[in-house]
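Okay, structure first, notes after.
The values are calculated or read from the model by the stated rules, or taken from the named source; none is laboratory data. Values in this document were obtained by computation on a predicted structure and should not be read as measured data. Cβ coordinates were reconstructed from backbone atoms using ideal geometry, including for glycine residues, and neighbour counts include every protein chain displayed. Side chains included, ligands, DNA and RNA excluded: accessible areas come from the protein's heavy atoms. Shrake-Rupley method; radii C 1.70, N 1.55, O 1.52, S 1.80 Å.
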Amino acid sequence: MSDSRSPEKSPIHWFDDPSQVPADVADWLMEMGSMTRRFEKQGVTVTVKPQNECFVSREELGESEAQQLPESARYWIREIVLFGDAQPWLLGRTVIPEETLTGPDLALVDLGTVPLGRYLFSGNNLSRDYIHLGQLHSEQGALWARRSRLRLSDKPLLLTEIFLPDSPVHRPQNKAEQE
């Protein structure tokens, strides 16, 4: 996910119909709250390792991403690996128009090892426009993905999450009870 033009090496197939995703997997992918919090319900320690953080131009975004966000001169890209008890569970790519990075939300460029969900879900000024469900095929096999356009104080950002093979998404029988 470090190529700024695309969140993944293989393209993600986004489903038109969410019913194409098995119900136990969709239960995870349609999580409306913090995925970090949901992972923590598995009884693991969640950590984040940033892979890439930088500003890019609209031309450097993938076409699919650019279509999901308003025009901006620059976008903040944050790519991370999220771990559950030192096992890689998720690749995350956040794309934030520069106009979203105002006031206290400028802190988004300095999250470092803090999970995005911990920042976003700590207040009550967050809403979600949609969740798209998808799948990609990689050398690790078929991986589930989701893409959400979130609004922080009514300002958009795009989050793409790819769930790695060790993630509980790929073993839904271990799902935690939702709050």
task: Express the carbon and sulfur contribution to the solvent-accessible surface of the chain as a percent, rounded to the nearest whole number, probe 1.4 angstrom.
output: 49 percent
- request: Give the accessible area for Trp89 in Å² (nearest 10); use a 1.4 Å probe, count only protein heavy atoms, and leave out ligands, DNA and RNA.
  value: 10 Å²
message: Let me check I've understood the local charge: for Ile131, count other residues with C-beta under 13 angstrom from its C-beta, Lys and Arg +1, Asp and Glu -1. What total comes out?
response: 0
message: How would region 54-179 be classified by its alpha-carbon gyration tensor: rounded, prolate or oblate, with rounded meaning a/c under 1.5 and the a/b versus b/c comparison settling the rest?
response: prolate
field: the chain: relative contact order as a whole-number percent, Cα under 8 Å and 6+ apart
entry: 26 percent
- request: Mind ranking Thr102, Thr113 by accessible surface for me, highest first, 1.4 Å probe?
  value: Thr113, Thr102
- prompt: Is the shape of region 6-67 best called rounded, prolate or oblate, per the rule: a/c under 1.5 gives rounded, else a/b larger than b/c gives prolate, else oblate, with a ≥ b ≥ c the square roots of the Cα gyration tensor eigenvalues?
  reply: oblate
Region 88-108-region 18-33 distance, computed between alpha-carbon centres (Å): 24 Å
- prompt: In Å², what does the accessible area per residue of the chain work out to with a 1.4 Å probe?
  reply: 48 Å²
field: Amide hydrogen neighbours beyond the local backbone of Leu164, cut-off 5 Å, H modeled
entry: Leu90, Leu91
